Amino acid sequence: MSERLSRPERRSLQKQDAQLLGLPLAMGTDPRPVAAHIRHVIKLLRSPQAKSPCSDAIAHVTSVYDRSLPASAQTMLACRKGCSHCCTQLVVVTAPEAFFVAAQIRKQPKTVAAVVEAARDTGTLSLEERLRAKSMCPMLDAAICSVYAARPLGCHGFVSTNLNACLAAFERLETPDIPMPQDNISVLYACRMLLLAALRLAGLRDSTYEMNSALAAILTEDNAEPRWLTGEDILAGVKPAAPPPPQFEDAIRKMAAFVSPTV
Ligand code: SF4
């Protein structure tokens, strides 16, 4: 597609999208399901009447992740409620993911203080330093994620089929070798791609950041989300994480180019 759509074409695309949005994300060569979700995420990000457009957009992307996994992928997992060995890791988020988490904890002064402290103590550590520090995520409450429904995509996607491999990596600090079902990896890849493509097409920053540093910056500003959505770089003081690897960047660019004439 190289030209803007006519009105009838747009109507027909909306009908097609409505059908695709209700289905699990199909993994394959057909770009239309991912394109439908990108258009929907852009629409959510551009909803001025929404209390938190970013929360709505991320809730949609994470629901796509959850319902696109086959039941067999879930039964293979060793992950259980109260198992939080992996919550010492460096979590990387986009700004909308951070706004979604921030909306859950904003009215909890103890958690906000713990996030600011974590950002100060571990926000700039490398992945390896972070694991060695064994510093638990400030969102944990008695080993349970207190923002579970709003946890970032990276937390959704970090799963394991073998508890011993987690204990080796996070408790004994051996070289991490966590086995994950291929379905989880593929769906996470597609969801990340659709989120980053949607952010670009919506004219928003698609940088990623260490979670606690991003949260600390957001939680200490008034009206951070509406300001960010209108172009103010609320996270200018937070060092961005590494950009996507070339192959992933190529996939985001191709998908954004495919969707661009339709938004
Ligand atoms: S946000 Fe929740 S799932 Fe993610 S690291 Fe923190 S406690 Fe663990």
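Structural remarks
- Only residues that are in contact (Cβ under 8 Å) with a residue 40 or more places away in the chain and either surrounded by fewer than 18 Cβ atoms within 10 Å (Cβ to Cβ) or assigned to a strand (DSSP E or B) (or both) were counted across the stretch 104-124, and they come to 4.
- So Ala149, is it closer than 24 Å to Asp206 by Cβ and surrounded by fewer than 13 Cβ atoms within 10 Å (Cβ to Cβ): yes
- Residues of the stretch 63-86 include at least one that is buried (at least 22 other Cβ atoms within 10 Å of the Cβ), of a type in the set (A, V, I, L, M, F, W, C) and part of a helix (DSSP H, G or I).
A quick yes/no check of all residues on (1) at pLDDT below 95; (2) farther than 13 Å from Glu97 by Cα; (3) more than 17 Å from the chain's Cα centre (by Cα):
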site	(1), (2), (3)
Asn184	yes, yes, no
Cys191	no, no, no
Leu196	no, no, no
Arg205	no, no, no
Tyr209	no, no, no
Ile218	no, no, no
Glu225	no, no, no
Val238	no, yes, yes
Thr262	yes, yes, yes
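- Of all residues in the stretch 154-165, those being surrounded by 20 or more Cβ atoms within 10 Å (Cβ to Cβ) and either basic (Lys, Arg) or more than 12 Å from the ligand (Cβ to nearest atom) (or both) number 1.
- Those residues of the stretch 154-170 which are farther than 30 Å from Ala57 by Cα and not in a loop (DSSP other than H, G, I, E, B), in sequence order: Leu163, Asn164, Ala165, Cys166, Leu167, Ala168, Ala169, Phe170
- The set of residues in the stretch 134-153 that are small (Gly, Ala, Ser), more than 8 Å from the ligand (Cβ to nearest atom) and part of a loop (DSSP other than H, G, I, E, B) comprises Ser135, Ala142, Ala143.
- Residue check: Glu128 meets all listed conditions (1) at pLDDT 95 or above; (2) in a helix (DSSP H, G or I) but one, namely (1).
The values are calculated or read from the model by the stated rules, or taken from the named source; none is laboratory data. Here the structure is a predicted model, which means the values were calculated and not measured. Glycine also receives a Cβ, built like all others from the backbone with ideal geometry; neighbour counts cover every protein chain displayed.
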